[in-house]
1. Any residue that is on the phi > 0 side of the Ramachandran plot, modelled with pLDDT of 95 or more and surrounded by 12 or more Cβ atoms within 10 Å (Cβ to Cβ) - is there at least one of those in the stretch 74-81?
2. Against the definition (on the phi < 0 side of the Ramachandran plot and assigned to a strand (DSSP E or B)), how does residue 68 come out, yes or no?
3. So how many residues does the stretch 52-64 have that are in contact (Cβ under 8 Å) with a residue 12 or more places away in the chain and either part of a loop (DSSP other than H, G, I, E, B) or out of contact with any helix residue (DSSP H, G or I) (no Cβ under 7 Å at 6 or more places or on another chain) (or both)?
4. Just to verify a result, which residue in the stretch 40-51, among those that are touching a residue at least 60 places away in the same chain (Cβ under 8 Å) and in a helix (DSSP H, G or I), is nearest to residue 78 (Cα to Cα)?
5. Given the options 98, 129, 123, name the one that is surrounded by fewer than 18 Cβ atoms within 10 Å (Cβ to Cβ) and within 12 Å of the chain's Cα centre (by Cα).
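The values are calculated or read from the model by the stated rules, or taken from the named source; none is laboratory data. Since the model is a prediction, treat every value here as computed from it, not as a measurement. Note that each Cβ is placed from the backbone with ideal geometry, even for glycine, and that neighbours are counted across all protein chains shown.
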């Protein structure tokens, strides 16, 4: 049975608190899919989560780099944004085997672009923004 929790996000402080709490659920090897429209909060959530993990360098969107790697103490994070992928096979050029080697916590924005190559996620985060209300569904 799949558990699903829905959170209302009132402001950036709510998102920061939620990302910090979610961080405590993650361990090496976890793959997290983040879905939602442009501007729904996926990248901001990842930035806040990585800052909560202790990343002190600027956390930039990986839209053009496709992924960024962050190391904090003994935790390794990969933040991916697959929006620009035109074919899932392009993931092999990114050394996807290394990314998915079980050593990293992998955050994947636009996971549908990697369908057929990416494994089943441990977590799904669905961001929605309707009628000026943001919600986050975690499955």
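1. Taking every residue of the stretch 74-81 in turn, none turns out to be on the phi > 0 side of the Ramachandran plot, modelled with pLDDT of 95 or more and surrounded by 12 or more Cβ atoms within 10 Å (Cβ to Cβ).
2. Answer is yes for this residue.
3. Here the count works out to 8.
4. From the stretch 40-51, those touching a residue at least 60 places away in the same chain (Cβ under 8 Å) are 40-43, 45-46; that's our starting set.
After this cut, where a residue has to be in a helix (DSSP H, G or I) as well, the list is 42-43, 45-46.
Numbers: 42: 14, 43: 13, 45: 14, 46: 10 Å.
Going through the qualifying residues, I end up with 46.
5. Answer to the selection: 123.
Residue-by-condition table, conditions (1) more than 14 Å from the chain's Cα centre (by Cα); (2) surrounded by fewer than 12 Cβ atoms within 10 Å (Cβ to Cβ); (3) at pLDDT 95 or above:
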{"site": "7", "(1), (2), (3)": "yes, no, no"}
{"site": "15", "(1), (2), (3)": "no, no, no"}
{"site": "22", "(1), (2), (3)": "no, no, yes"}
{"site": "32", "(1), (2), (3)": "no, no, yes"}
{"site": "41", "(1), (2), (3)": "no, no, no"}
{"site": "49", "(1), (2), (3)": "no, no, yes"}
{"site": "56", "(1), (2), (3)": "yes, yes, no"}
{"site": "62", "(1), (2), (3)": "no, no, no"}
{"site": "65", "(1), (2), (3)": "yes, no, no"}
